[in-house]
1. Does a label point 7 Å from the Cα of S191, set along Cα-to-beta-carbon, have any residues of the range 68-91 with amide nitrogen under 20 Å, and which are they?
2. Among the trypsin sites (Lys or Arg not before Pro) in the range 38-114, which ones are in a DSSP loop with at most 12 other Cβ atoms within 10 Å of the Cβ? Mind listing them?
3. Starting from 0.36 nm per residue, how many nanometres of slack lie between F169 and V59 once their C-alpha separation is accounted for?
4. Of G183, V141, W205, which is farthest along the charge dipole of the range 138-220 in the positive direction, counting Lys and Arg as +1 and Asp and Glu as -1 at C-beta?
5. What is the diffusion coefficient of the range 30-141 in µm²/s, taking the Kirkwood radius over Cα pairs and the Stokes-Einstein relation at 4 °C with a viscosity of 1.567 mPa s?
6. Please give the FRET efficiency for S69 paired with Y13, using the beta carbon to beta carbon distance and R0 = 35 Å, rounded to the nearest 0.05.
7. What length, rounded to one decimal in nm, is gained on full extension from R44 through to M217, with 0.36 nm per residue of separation minus their alpha-carbon distance?
8. Projected onto the charge dipole of the chain (+1 at Lys/Arg Cβ, -1 at Asp/Glu Cβ, origin at the Cα centre), which of A219, G151, L111 gives the Cα projection farthest towards the positive end?
Amino acid sequence: MEPLLVERTFTPYGPSHWVLMGLIVVGSVVLAVLGRGWGAVASRRFARGFALVMLAFLVPMLVYRQLPSQWDVEVSLPLHLCDLAWMTAAYALWTRSQWAYALTYYWGLTLTPQAMITPALDAPDFPHLDFIDFWAQHLVVVWAAAFLTWGMDMRPDWRDYWRSVAVTFAWGVAVLVFNEWAGTNYGFLNSKPENPSLLDLMGGWPWYLGVELVVGMAAWALVTWPWTRQRVQGMAKPC
């Protein structure tokens, strides 16, 4: 007799994927609108509460991946950029630190959505814990970036841009070296993911790393320019 409940494997662009893509947009808009309507004090309280909720779920998940029964050097270490992104986002929400906000902004509004549009997820579908962990890590970073930017009026500038490029580049070099030593592929820096992604359009290894850097810097410049342009125009207005 067949089991009544068969564990389904996550399928890109299946029902659960489309639901989550909708949650990205709806959650970001709702948080931005709420933040603007609450005022400074309420927004700060919510930001800290949001950070605590993130930590309450994602820190235990990080510990869970280190357990002997779950340990796998290829996936268990928090070396993917999405791991650093949610940690940075939580810190930015709690402290409203400009450097942490800037990283959350750039990672959360460009790199994280790319990982969600073409997810490298080989796991059972909802409600499996691996599925929830993967999507929670990505959703909260996008939501945090949207809330801090449009709900709390934080803005990046060109100094943030160059600092974020430097931090991301340093992460890439460090993880590339670790991958070579450990035989892993964190950040997909040593080979492309098996699932289709934008990296497939950027040539073979190692050339796609250079293309990725140039495209990423151009994209970050595009999402920095409108804020700096508004700032310059505001300063130029006559009294």
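1. Residues 72-77, 79-81 qualify, since their backbone N sits under 20 Å from the label point.
2. Values: sites: R44, R45, R48, R65, R96; in loops: R96.
Here no trypsin sites (Lys or Arg not before Pro) fit, given the DSSP loop and packing criteria.
3. Numbers: separation 110, 0.36 × 110 = 39.60 nm, distance 2.53 nm.
Result: 37.1 nm gained on full extension.
4. Checked the options; the winner is V141.
5. Details: Rh = 15.0 Å.
Estimated via Stokes-Einstein, D reaches 86 µm²/s.
6. Numbers: r = 32 Å, r/R0 = 0.90.
For S69 and Y13, the calculated efficiency is 0.65.
7. Values: separation 173, 0.36 × 173 = 62.28 nm, distance 3.06 nm.
Here the answer is 59.2 nm.
8. G151
The numbers here are math on the coordinates, done by the rules we state, and not lab data. Because the structure is a prediction, the values reported are computed rather than measured. We place every Cβ from the backbone using ideal geometry, glycine too, and count neighbours over all the protein chains shown.
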